[in-house]
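Enquirer: Below is one structure. I have some questions about it.
Any read-out appearing in this document is the output of simple, stated calculations on the displayed coordinates, not a laboratory observation. Keep in mind that this is a model prediction, so the values were computed, not measured. Cβ placement follows ideal geometry from the backbone for every residue including glycine, while neighbour counts extend to all protein chains displayed.
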Amino acid sequence: MKNAAEAAHGGYAISTYAMKELPLEQAVQTMASRGWTAIEIMCEFAHREWVDWPLERVDALAEWGRAHGIRWSVHAPIEDVNPAEEDELLRARGLYVLRRCIERAERLGAAYVVVHPGAMDSGDDYAEDAWERRRVPRRAAGRHAGCRAASRSRTCRTRGCSARAWRSSSDVCSSDLLVRVVTAAGSPRLGLVYDVGHAHMLGGGYALQGLREAAPHLLGLHVSDNRGSADDHDAVGKGTVPLEALLAGLPELAAERHVMELCTLEDAELSAARVLELRSGQAVGV
């Protein structure tokens with residue numbers, strides 16, 4: 001039976017981005033103590049070191065998670081990890097980090113790994129043939145648009161990588177490009193995590209269109225708010241992301257696949273409550 005705190009979160013997931021300055025173990029223990037039972041490890045800031053943890057430490061976290069009923073997902077590092085990098089040495093360094101991340105995600109029992117698709121300096125950003133030419137090694141497996149060759153791994157039981165619309169400098173990737181990559185890969189291990197804040201930054205009501213494009217391949221949703229010009233990671237209701245309409249058009253998706261990717265624990269809790277109200281058809285005040 002759910003306790004009151006867990007019920008208040010609606011069973012939704014929280015990203016450790018909300019406590020990014022704390023050591024990872026302290027962050028997840030605090031989240032669990034406040035009723036969160038689905039946690040996505042964001043491998044940046046203080047939590048990037050997780051990729052370098054010895055496997056025994058990862059196993060200890062997995063055991064703690066099982067004891068507390070935690071369901072995990074993992075967001076791979078973003079900084080210096082560009083699977084479409086044209087420089088072979090830089091790409092190899094990034095893919096080494098990605099392999100280590102996926103290996104640890106598998107030991108943790110994570111449902112999937114989120115990987116940003118990357119960009120090419122030549123201007124061929126996000127193109128399908130960029131992923132054909134810059135193949136991710138097979139051990140970097142998973143459900144992630146962009147990981148074309150990697151999607152065929154048989155060694156990683158983790159449901160893998162999930163690509164999302166994302167922002168790099170002034171560029172934002174639209175869903176249709178990632179959908180073409182997923183379709184071309186033809187693998188059941190490949191899918192999309194849709195970031196509503198990033199999609200909103202494309203303007204012109206694209207967030208709803210992008211969700212329709214991504215829906216057949218949807219693995220999860222990253223939830224935050226902004227006003228369309230910057231990836232603010234504001235609490236739901238503080239920006240202009242059309243979340244009510246997005247949730248109404250969302251295909252069936254398990255609660256733990258709604259990840260609150262907010263700047264603070266308090267904003268994550270507020271956002272989870274607002275999403276729960278919206279899902280329940282109740283009015284939500286701003």
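Enquirer: Pop a pseudo-label 7 angstrom from the Cα along the beta-carbon direction at both R107 and D80 and give the gap in nm to one decimal.
Expert: In this crude label model, R107 to D80 measures out at 2.1 nm.
Enquirer: Further question on the same structure: To make sure I understand, if each residue's beta carbon is the centre and we count other beta carbons within 10 Å, what order do Y96, Y206, Y17 fall in, fewest to most?
Expert: Fewest to most other Cβ atoms nearby, the residues stand as Y96, Y206, Y17.
Enquirer: How would you rank R107, R100, R274, going from fewest to most other Cβ atoms within 10 Å of each one's own Cβ?
Expert: Going from sparsest to densest Cβ surroundings: R107, R100, R274.
Enquirer: While we're looking at this one, here's another question. Counting only other residues whose beta carbon sits under 14 Å from that of G281, what net charge do I get with K and R as +1, D and E as -1?
Expert: Taking every Cβ under 14 Å from that of G281, the sum is 0.
Enquirer: If neighbour count is taken as other Cβ atoms inside 10 Å, put S15, S187 in order from fewest to most.
Expert: S187, S15
Enquirer: Here's something else I'd like to know. Once R0 is set to 22 Å, what does the formula 1/(1 + (r/R0)^6) return for the Cβ-Cβ distance between H68 and E266, expressed as a FRET efficiency to the nearest 0.05?
Expert: Rounded to the nearest 0.05, the efficiency is 0.55.
Enquirer: Mind listing the phi-derived Karplus ³J(HN,Hα) values for the stretch 239-244, rounded to whole Hz, using 6.51, -1.76 and 1.60 with θ = phi - 60°, and x for any glycine or proline?
Expert: Ordered by residue, 3J(HN,Hα) equals x, 10, 4, x, 5, 4 Hz.
Enquirer: To continue, here is another question. Using a Förster distance of 45 angstrom, determine the FRET efficiency expected from the C-beta separation of A248 and A92, and round it to 0.05.
Expert: Here the calculated transfer efficiency is 0.55.
Enquirer: What is the sum of charges, Lys and Arg at +1 and Asp and Glu at -1, for the other residues whose Cβ falls under 12 Å from the Cβ of A46?
Expert: Here the count lands on -2.
Enquirer: Calculate the spin-label point distance for Q29 paired with R227, positioning each point 7 Å from the Cα along the beta-carbon direction, and give it in nanometres.
Expert: For the pair R227/Q29, the computed spacing is 4.0 nm.
Enquirer: Next question, about the same structure. Among the trypsin sites (Lys or Arg not before Pro) within the stretch 1-75, which fall in a DSSP loop and have no more than 16 other Cβ atoms within 10 Å of their own Cβ?
Expert: K2, R34
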